[in-house]
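The values are calculated or read from the model by the stated rules, or taken from the named source; none is laboratory data. Since we're looking at a predicted model, the values are computed, not measured. Cβ coordinates were reconstructed from backbone atoms using ideal geometry, including for glycine residues, and neighbour counts include every protein chain displayed. The accessibility values were calculated without ligands, DNA or RNA, using every heavy atom of the protein model including side chains. Shrake-Rupley method; radii C 1.70, N 1.55, O 1.52, S 1.80 Å.
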2 protein chains.
Amino acid sequence: MRREAVSRVRQQAQLATLALVVAATAPAQTDPLPSWNDGPAKTAILTFVRETTTPGGATFVRPEARVVTFDQDGTLWVEHPVYTQVMYILDRVPDVVAKKPELKDVEPFKTVLSGDHAAIAKLTMPDLEKIAAATLAGMTVDQFYAEVKKWLATAKHPRWMRPYTELVYQPMLEALRYLRANGYKTFIVTGGGQDFVRVYADQVYGVPPEQVVGTAGETKFSYDKHGRPILTKEAKVMLDDNNAGKPEGIHLVIGRQPFAAFGNSTGDRQMLEYTGTGSGRRLMMLVLHDDAQREYAYGPAEGLPDSKVGTFTQQLYDEAEANGWFVISMKRDWKRIFPFDP
Amino acid sequence: MRREAVSRVRQQAQLATLALVVAATAPAQTDPLPSWNDGPAKTAILTFVRETTTPGGATFVRPEARVVTFDQDGTLWVEHPVYTQVMYILDRVPDVVAKKPELKDVEPFKTVLSGDHAAIAKLTMPDLEKIAAATLAGMTVDQFYAEVKKWLATAKHPRWMRPYTELVYQPMLEALRYLRANGYKTFIVTGGGQDFVRVYADQVYGVPPEQVVGTAGETKFSYDKHGRPILTKEAKVMLDDNNAGKPEGIHLVIGRQPFAAFGNSTGDRQMLEYTGTGSGRRLMMLVLHDDAQREYAYGPAEGLPDSKVGTFTQQLYDEAEANGWFVISMKRDWKRIFPFDP
């Protein structure tokens, strides 16, 4: 850790101590963030909520304006070894090829069907997008929702052998609930598919479909052979909700800057920058995966292993330091990782 | 009126009578829709709310799923003689030409600058879109919001000589409030500009920016010369929120079918059809402008004068009859039109 970083951590520790002193003099109440260890990250969330919801305060935010955004993959749930939606897409390939046998000998479908794990792991984003487009184009929105729901009910994460929807971070569920209890509307702003995440976001995170912003393809309104209106998914991407696409997607769907934004990778950088330009009190936080034992460790920031999935560069870490964003260390800041942890 | 229409009106009158009998036996309470005359339209709204919010009922809708959509122009506020946003765009032309003098001799800018009302009235939608693109491209989102706010504060409707934001329909304001009081999330789904409507929707209709779906252009995230993140409006249309674009826009931003939809023109047809395909109890309503004395009269449905703005065809009227959609007659169903009416 470089000198400025050390000094910043010291400052944060002092703030944390101050908050504990303040808390000790206040009447006893239930801890809204019980899975967070005491420290700068937990204090930052508590302080942000207090300062933006105390009537008459200089940084009070009227309830109607309280908007916060959360990235999903790696911020709310596990994204390693690969994004959950990629697992879904790969699992769909045999079905797609059964309907369009001509794809059998075409890349990247051929590689997926080969079952060669090493080759599959090397598929690029454009490869995966090509597969995604083939797996959903022509489906009605309702068929897609039903298909994802069915898959989620049976698919299991290879490490924990549990449904993906159980691999959500308990501390973040508490943050979502705590913010909502204080009048904040919680939005997911994900690089993942908007319709994919909508299927389970309400049940898993308490976030309704209209509060999920994600990568979105076009849909086409038409009539089926019985003259009944249908909406069909098209292969064309309308919003690529990554990097600069995140603030653009926030503007498209939400129309105003969030007061707080949570992310974990370089794909969230612009969302946090955009949130930070707002006036008054704003909170920007990044989850650092530095706990190989309980979850995963990857960066490459802070000497952690490099990763293609959920890359957290040293440049992003430095920008966080420079801008007063808080880095959440999974290892240090989280008492529990998953709801099923003891 | 044709035979089926007469029989439908008779049915609606019977339902209305039944509702009045039911209402008479219930404890006295304040009328939530005081600007509506008793009749099938008012009864339809009251019945819909009762049937979807009574716990244990067969058509009960859980509070988290309660979504309703309202068109804006001609449904929530006046759209004649021309759409308010068109007035805004025309008023912006001198400013735009001052910054880009080369446009002075180029159509359609030349016509707008001529002040020739007859020629201006003949501008086509593509002409207006060309002007709109020129007036907003390159502005930051914040500049655009500020510009529209400034214009709305001084611009006045030529007939009533009042700000456009006062020319909203009191009965619809009551319907919005009544639905919200019963747990419904109210969305605007407008062919107008999403960012334009967002400027005043919260204050005028109680609809926050994230519940406004409208025609939307792309935005571009970048940094200004001080390195500060900015969002700039681009000339490219991303969502044309008219006709089939309405259900497509509803899917993009809301992600599920509304339980009720209100419109007034052929541009709302697909939104109402889409709403009607949902299971359980749904409510579809269309405002018919048949009151030249208090507002305007146009169709051409039911022998009303034809209109380029807010066209309500006989075909749409017949589809409404056939599908059990309710037509709201301004003349017959609305006791008051505007909040400032005595």
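A few comments on the model shown:
- Verdict on B:ASP127 being open to solvent by less than 70 Å² (accessible area, probe 1.4 Å), part of a helix (DSSP H, G or I) and modelled with pLDDT under 95: yes
- For segment B:242-281, a residue qualifies if it is more than 10 Å from chain A (Cβ to nearest Cβ), in contact (Cβ under 8 Å) with a residue 60 or more places away in the chain and either outside any loop (DSSP other than H, G, I, E, B) or over 13 Å from the mean Cα position of the chain (by Cα) (or both), and the qualifying residues are B:PRO258, B:PHE259, B:ALA260, B:ALA261, B:PHE262, B:GLY263, B:GLY267, B:ASP268, B:GLY280, B:ARG281.
- Segment B:282-295, residues that are touching a Lys or Arg at 6+ places or on another chain (Cβ under 6 Å) and either closer than 14 Å to B:THR52 by Cα or not in a loop (DSSP other than H, G, I, E, B) (or both): B:ASP290
- Count of segment B:303-315 residues, restricted to those that are in contact with a strand residue (DSSP E or B) (Cβ under 7 Å, 6 or more places away or on another chain) and assigned to a helix (DSSP H, G or I), is 1.
- All positions within segment B:135-147 that are at pLDDT 85 or above, touching a Lys or Arg at 6+ places or on another chain (Cβ under 9 Å) and not hydroxyl-bearing (Ser, Thr, Tyr): B:LEU136, B:GLY138, B:MET139, B:VAL141, B:GLN143, B:PHE144, B:GLU147
- Scanning segment B:138-168 for residues that are assigned to a helix (DSSP H, G or I) and of a type in the set (A, V, I, L, M, F, W, C), we see that the one that is most open to solvent (accessible area, probe 1.4 Å) is B:ALA153.
- Residues within segment B:232-241 that are open to solvent by 30 Å² or more (accessible area, probe 1.4 Å) and either within 9 Å of chain A (Cβ to nearest Cβ) or in contact with a Pro (Cβ under 9 Å, 6 or more places away or on another chain) (or both), tallied: 1
- Just one residue in the set A:GLY303, A:GLY299 is open to solvent by 40 Å² or more (accessible area, probe 1.4 Å) and either more than 17 Å from A:TRP77 (Cβ to Cβ) or among the aromatic types (Phe, Trp, Tyr) (or both); that residue is A:GLY303.
- Hits in segment B:218-228 (condition: under 33 Å from the mean Cα position of the chain (by Cα) and under 18 Å from B:ALA146 (Cβ atoms)): B:THR219
- Close pairs (6 angstrom Cβ cut-off, 6 or more residues apart or separate chains): β-branched (Val, Ile, Thr) in segment A:91-103, open to solvent by 70 Å² or more (accessible area, probe 1.4 Å) anywhere: A:VAL97/A:LYS104
- Some residue of segment A:94-110 being in a helix (DSSP H, G or I), modelled with pLDDT of 90 or more and open to solvent by less than 20 Å² (accessible area, probe 1.4 Å): yes
- Residue check, B:ALA201 within 24 Å of the chain's Cα centre (by Cα), modelled with pLDDT under 95 and either more than 19 Å from A:GLN257 (Cβ to Cβ) or open to solvent by less than 60 Å² (accessible area, probe 1.4 Å) (or both): no
- The residues of segment A:174-231 that are part of a loop (DSSP other than H, G, I, E, B), within 12 Å of chain B (Cβ to nearest Cβ) and under 30 Å from A:LEU46 (Cα atoms), listed by number, are A:GLY206, A:VAL207, A:PRO208.
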